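Reviewing the structure listed below.
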Amino acid sequence: MTKKILFCATVDYHFKAFHLPYFKWFKRMGWEVHVAASGQTKLPYVDEKFSIPIRRSPFHPQNLAVYRQLKDVIDTNQYDIVHCHTPVGGVLARLAARQARRHGTKVLYTAHGFHFCSGAPIKNWLLYYPVEKWLSAYTDCLITINEEDYTRAKGLQRQGGMTQKIHGIGVNTERFRPVSLEEQQRLREKHGFREDDFIMVYPAELNLNKNQKLLIEAAALLKEQIPSLRLVFAGEGAMEQTYRTLAEKLGASGNVRFYGFCRDIHELIQLADVSVASSIREGLGMNVLEGMAAEKPAIATDNRGHREIIRDGENGFLIKIGDSAAFARRIEQLYNQPELCRRLGQEGRKTALRFSEARTVEEMADIYSAYMEIKEKSV
């Protein structure tokens, strides 16, 4: 009988953005790949897709019906492995797989950044920590992507459960690669930028956690010193109008470009001068790694995810969360020192190669292979 794995997350685009290499690996191994998530995104390497309307809010009443749907899918298909991602998808799938675990199904959960972390609001600790502690009883392997979460996860996991740390979800270092000056200028023309623009790019959802407010404030502080400064937000979100209003209020609307959803993120990164990130909470910081892979110097807020990849002053700069003046000073420093930009970018590329897609697929293959063997022994 063909072995089967179910991947579960809140939204299906999560898989398109981050997990197709793992789907491909399982197909190479001769497994059936199933996916359960909300959305209608078409996914390659998938044998069956269950469009289940998982809600992001853990308190949404519809998630009770979602739990029942997931349980039916899991019990009916008798999966060898269930691999959960995202907070709500991870909770619902692990609960739904409880009965299946009694029959040998192995349940893995990748924490892309615990909501309870150093500096997180007390409400996050009161809500998410007890839930994760409880769910450890239904988790065979808890996978983390940064050192802080890994240390905390070892204290959460039940006896007999495993805790692993991997190098993120993998950067495609071929897609996100350095380009020549000629290619950079061609991309600028294609996307409507000038040759002499000083461009900073931040691909991220426009929300409170991504904290684009900090970058707008920094850009406003530099509008006189660097008139050619262009801060590019690639993404959509609930805070877009708020951020547009802030840019206008600070007189920086001419320096801030809301690009919207972009399918060619690698091109925006390649045409930029600097990669920036302002998030309050981050599991790792894929957008920073993608910028590093393209040899862009990185300036990012000091959080557990960014600390995992940035060594301050060596391959980028870390800035205290909320300090827009310090952020502006580092931007101005890079603007005035092109040689520093080049050096930080080259060091960043070396860092990104350690977090490459090829490496993380290999790490996950080792984890998956161990559970394939365990399943076979338990039958």
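Brief remarks follow.
- Among helices (runs of 4 or more DSSP H) entirely within segment 125-235, having at least 2 residues that are closer than 30 Å to residue 105 by Cβ and not assigned by TED's automatic domain parsing to the domain that holds residue 295 singles out 147-156.
- Scanning segment 305-358 for residues that are over 16 Å from residue 276 (Cα atoms), basic (Lys, Arg) and within 21 Å of the chain's Cα centre (by Cα) returns 350, 354.
- Pick from segment 120-135, criterion surrounded by 13 or more Cβ atoms within 10 Å (Cβ to Cβ) and charged (D, E, K, R), ranking: farthest from residue 209 (Cα to Cα): 133
- Qualifying residues in segment 148-190 (those that are among the polar types (S, T, N, Q), surrounded by 14 or more Cβ atoms within 10 Å (Cβ to Cβ) and farther than 30 Å from residue 273 by Cβ) - the one farthest from the chain's Cα centre (by Cα): 157
Yes or no, residue by residue, for (1) surrounded by 23 or more Cβ atoms within 10 Å (Cβ to Cβ); (2) modelled with pLDDT of 95 or more:
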| position | (1), (2) |
| --- | --- |
| 76 | no, yes |
| 83 | yes, yes |
| 90 | yes, no |
| 98 | no, yes |
| 105 | yes, yes |
| 118 | no, no |
| 137 | no, no |
| 146 | yes, no |
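- Residue within segment 111-122 that is assigned to a helix (DSSP H, G or I) and either assigned by TED's automatic domain parsing to the domain that holds residue 161 or more than 24 Å from the chain's Cα centre (by Cα) (or both) present: yes
- Verdict on residue 348 being at negative phi, modelled with pLDDT under 95 and not polar (S, T, N, Q): no
- Scanning segment 324-345 for residues that are farther than 12 Å from residue 297 by Cα and of a type in the set (Ser, Thr, Tyr) yields a single hit, 324.
- Which listed residue, of 321, 309, is buried (at least 19 other Cβ atoms within 10 Å of the Cβ), closer than 26 Å to residue 207 by Cα and modelled with pLDDT of 95 or more: 309
The values are calculated or read from the model by the stated rules, or taken from the named source; none is laboratory data. Note that this is a predicted model, so its numbers are computed, not measured. Ideal geometry is used to build each Cβ from the backbone, glycine not excepted, and the neighbour counts take in all protein chains shown.
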